[in-house]
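A.B. asks: Here it is, the structure, as structure tokens.
The values are calculated or read from the model by the stated rules, or taken from the named source; none is laboratory data. This is a predicted model, so every value here is computed, not measured. Cβ atoms come from the backbone with ideal geometry, glycine included; neighbour counts cover every protein chain shown.
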Amino acid sequence: MPKFLIRITFISGAIMGFLLGLLLLPSHKKTGKIHLTPESKPVVKPYEPWFTGQNLQRHVIPIDTLRYSGLDYYTESMYLYNKIRILCVVLVHKIKYAKASLMTWTKQCNHIELVHLKPSKIGVKRKKEDAAWPLLCKTLVNTSKSFHWVFVVNDNTFALVENIRYLVAPLNHSSQYYLGHAIKFWGVKYNVGSAGYLISNATLAALKLNQRNSCITDSVIWNLEDYYLGKTLSQLNITVYDTRDELGFGTFHGFNLQKLFFPGSTTMSNYYKYSVYPTPCCSPKSVTFQVSNSNSMYTYEYLLKQLQVFTSGTLGNRAPATQINKDEVWKSILKQHGYTNTNVSAEEYYEFWVNLVSDPTSFAQKIKTRN
């Protein structure tokens, strides 16, 4: 069997196992319990009471109707997108991961900032200001206060921003929150960067006030920006919260799905050994997990965001009332991009598409803006 078929089969199997696991987890409601420690600060609040408090009502619309009725519907995800403004800060180690992020999950962010981290090279003199923490700190200090939440994540992490909004919707962003997967290391409680972390607008304001003069720490370890952020916030009396769901399952995950679902593959790691709150995997409301390669992001994007299950309806099987000439389709695309003369040759049309998608970053931004 060709290697690429083996890889596709393996990835598909892992994803199906993950999705089946999420479907089966609710069956544990009778036995699932959160084991609170004396220092536990639960943050997860029920979403439904908050939704009802907004004087909103939801109606289930079949996928067939959404796709083929020709009508516009204001969906719950659209409402939350406009209601809860999230800035996504992606720490870039490898360009291919950053490009994959821009083409997939970050489309649900209200705005995106890329922080390009410089690799740590042995034998090369390094400047403190080029370390991960000063770079992240400067980005946060210069961030607009118009965002309700700031989500910081590594480039090899896939995030479900919709689930982040479900998590934070009942919370007041004007209060100080610092959310993620909490560990305690070197006497500091902080949210580990491999799982991503959230800070509220009020926390960002406190950080700006504290760090407005300098973001350079006397002793900077190159890639421990998560530790230094937690240390800085702890000095401001802003500490970690318990982000497990109501059944006690973790929502922020610093491993890829293969490791998360192989028993014993992660339990002895420092990630779990130093966890402030025991976190069995995995919540149906999970918000982050890592990917083993950049191509996996496109697979997850398709399975989690684009693949749709049609359980009823016949609109999609009907021929359109007005048939559209095929030539009008590609001509309309040219007009959208400023072409007044649509009488182009096949070679010219091919060259148009090559130029359009040659820069994945700008192409992703164009598609995001149009959507």
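A.B. asks: Among the numbered criteria (1) modelled with pLDDT of 90 or more; (2) under 26 Å from residue 148 (Cα atoms); (3) buried (at least 19 other Cβ atoms within 10 Å of the Cβ), which single criterion is violated by residue 284?
C.D. replies: Checking residue 284 against (1) modelled with pLDDT of 90 or more; (2) under 26 Å from residue 148 (Cα atoms); (3) buried (at least 19 other Cβ atoms within 10 Å of the Cβ), the one that fails is (3).
A.B. asks: Kindly indicate whether residue 243 is among the hydroxyl-bearing types (Ser, Thr, Tyr) and surrounded by fewer than 20 Cβ atoms within 10 Å (Cβ to Cβ).
C.D. replies: Details: among the hydroxyl-bearing types (Ser, Thr, Tyr): yes; surrounded by fewer than 20 Cβ atoms within 10 Å (Cβ to Cβ): no.
So residue 243 fails the test.
A.B. asks: Scan segment 92-119 residue by residue and report those that are part of a loop (DSSP other than H, G, I, E, B) and more than 14 Å from the chain's Cα centre (by Cα). Full working, then the answer.
C.D. replies: To start, the set of residues in segment 92-119 that are part of a loop (DSSP other than H, G, I, E, B) comprises 93-94, 104, 109-110, 117-119.
Listed by number, the residues that qualify are 93, 94, 117, 118, 119.
A.B. asks: Could you list, in sequence order, all residues of segment 156-196 that are under 19 Å from residue 115 (Cα atoms) and of a type in the set (Ser, Thr, Tyr)?
C.D. replies: Correct list: 157, 194.
A.B. asks: Check off (1) at pLDDT below 95; (2) crowded, with 17+ Cβ neighbours inside 10 Å; (3) in contact with a Ser or Thr (Cβ under 9 Å, 6 or more places away or on another chain); (4) not acidic (Asp, Glu) for residue 126 and give me the number that stays unchecked.
C.D. replies: Answer for residue 126: the failing condition is (2).
A.B. asks: May I ask you to say which residue of 298, 274 is in contact with a strand residue (DSSP E or B) (Cβ under 8 Å, 6 or more places away or on another chain), of a type in the set (Ser, Thr, Tyr) and within 28 Å of residue 117 (Cα to Cα)? So that I can check it myself, show each step before the final result.
C.D. replies: On the way: 298 fails: in contact with a strand residue (DSSP E or B) (Cβ under 8 Å, 6 or more places away or on another chain).
Exactly one of 298, 274 is in contact with a strand residue (DSSP E or B) (Cβ under 8 Å, 6 or more places away or on another chain), of a type in the set (Ser, Thr, Tyr) and within 28 Å of residue 117 (Cα to Cα), namely 274.
A.B. asks: Which one is nearest to the chain's Cα centre (by Cα) among residues in segment 149-175 that are hydroxyl-bearing (Ser, Thr, Tyr) and either closer than 21 Å to residue 76 by Cα or surrounded by 20 or more Cβ atoms within 10 Å (Cβ to Cβ) (or both)?
C.D. replies: The selected residue is 157.
A.B. asks: Quick one: what pairs do we get from segment 332-358, first residue surrounded by 11 or more Cβ atoms within 10 Å (Cβ to Cβ), second of a type in the set (Val, Ile, Thr), C-beta under 6 Å, 6+ apart or different chains?
C.D. replies: 334/342
A.B. asks: Still on this structure: Could you pull out every one of the helices (runs of 4 or more DSSP H) wholly within segment 253-343 that has 3 or more residues that are hydrophobic (A, V, I, L, M, F, W, C)? Before the answer, list the steps.
C.D. replies: Values: elements: 257-260, 270-273, 295-301, 326-336.
In segment 253-343, the matching helices (runs of 4 or more DSSP H) lie at 326-336.
A.B. asks: Turning to a different aspect of this structure: I need a count of the residues in segment 176-202 that are surrounded by 23 or more Cβ atoms within 10 Å (Cβ to Cβ) and hydroxyl-bearing (Ser, Thr, Tyr).
C.D. replies: 4
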